[in-house]
Amino acid sequence: MNHTSSMTGTQHHAAACQKTPPGIALVTGASRGIGLAIAEELAKAGYHLYLTCRHSGDTLTELSESLTNTYKIPCRAIVADMGNPEDVTRVFSQIQDLTLLVNNAGISYVGLLHEMSVEAWQEVMRVNLDSIFYCCRLAIPLMLRRHAGKIINISSVWGRVGASTEVAYSASKGGVDAFTRALAKELAPSNIQVNAIACGVIDTDMNRCFSAEDMALLREEIPADRIGQPQEAAQLLLSMVNGPDYLTGQVITLDGGWT
């Protein structure tokens, strides 16, 4: 008997009980905040994951190992600058199949426009908007093979209404919204849905630049009378993923009634 190829009855039962994963997802900017919450929500749902971040490699590796151990799903951590097309190509060289792309990587900039350097402007656009182009152009062929897939971009309410001293950030997110709507029309015949979540004030490191007084004033403006949590964005994203395929081209606001 070839013992290396034989299976016990228990092993056969375990193999038979293994569930087909709901999908394979790439989440960018996954080491903290909304991206981290999304990664955990998808892992909990059984997704196989690829996670990227730009700087916090050790943190991302720890997260990947934790998700693998807790939810028994494969999870690969990749340090990459998603605003760099060569890095994005390297990431996708490791992905053979993909059902969900979550474009979450982003940075903010607070300051007067006339004091902003050209380099700072280009960096905001590169990370917040160019990265979505780079990822989508490589994800789409994988989804076309399946004639199915979902792309969800993490945007901001500032992309719709604009924010003083955050002109570059607002412009980049406005671009994300337009990109989302246009690509949804392009891919709808191929059964690939493209949507975005426009977040209001969420309790993440991105808002640490604001003082406690500033945050208190913001909270007073929000009808829900509180700051949003990253887990709420993750829950909304999962509900969109599990929603009808007829939902596409939408920028859904999550802001406690603020805007």
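Could you state the accessible area per residue of the chain in Å², with a 1.4 Å probe and every protein chain left in place? Before the final figure, lay out each step's value.
On the way: 13090 Å² over 259 residues.
Here the per-residue accessible area is 51 Å².
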Report the percentage of all Cα-Cα pairs in the range 92-134 whose separation exceeds 12 Å, rounded to a whole percent.
68
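Can you compute the helix-only [θ] at 222 nm over the chain? Use -39500 (n - 2.57) per DSSP H run of at least 4 residues, normalise by all residues, nearest 500 deg cm²/dmol. Don't skip to the end; give the middle numbers.
Working: 10 runs with 115 residues, N = 259.
Rounded to the nearest 500, the figure is -13500 deg cm²/dmol.
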Can you compute the charge dipole magnitude of the range 189-252 about its Cα centre, using +1 on each Lys and Arg Cβ and -1 on each Asp and Glu Cβ, nothing else charged? Give it in debye, rounded to the nearest 20.
220
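So which helices of the chain fit the span-like rule, where a helix is a whole DSSP H run, its Cα atoms reach 18 Å or more along the axis, and its mean Kyte-Doolittle is at least 0.0?
Working: long enough: 57-71 (21 Å, -0.58); 131-146 (23 Å, 0.92); 167-187 (30 Å, 0.20).
The qualifying helices are 131-146, 167-187.
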Area accessible to solvent at I24, 1.4 Å probe radius, in Å²:
40
Spatially close lysines, pair count over the chain: Cα under 24 Å, gap of eight or more or interchain:
9
Of the accessible area of the chain, computed with a 1.4 Å probe and all protein chains kept, carbon and sulfur make up a percent value of 52
For the chain, give the magnitude of the charge dipole about the Cα centre (Cβ charges: +1 Lys/Arg, -1 Asp/Glu; no others), in debye to the nearest 20.
1100
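Full extension from L218 to A182: what is 0.36 nm times the residue separation minus their Cα-Cα distance, to one decimal in nm?
Values: separation 36, 0.36 × 36 = 12.96 nm, distance 3.19 nm.
9.8 nm is the gain from fully extending L218 to A182.
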Given the options N207, N191, N104, which has the most mean-square fluctuation in a GNM of the chain, springs set between C-alpha atoms less than 10 angstrom apart?
N207
Could you report the accessible area of M206 in Å², rounded to 10, computed with a 1.4 Å probe on the protein chains as they sit in the structure?
70
When every protein chain stays in place and a 1.4 Å probe is rolled, K185, K150 sorted by accessible area with the largest first are K185, K150
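The values are calculated or read from the model by the stated rules, or taken from the named source; none is laboratory data. None of the values given here were measured: they were computed from a predicted structure. Because the Cβ atoms are built from the backbone with ideal geometry, glycine has one as well, and the counts that use them run over all protein chains shown. Note: accessible area is taken over every heavy atom of the protein model, side chains too, but ligands, DNA and RNA are not part of it. Shrake-Rupley method; radii C 1.70, N 1.55, O 1.52, S 1.80 Å.
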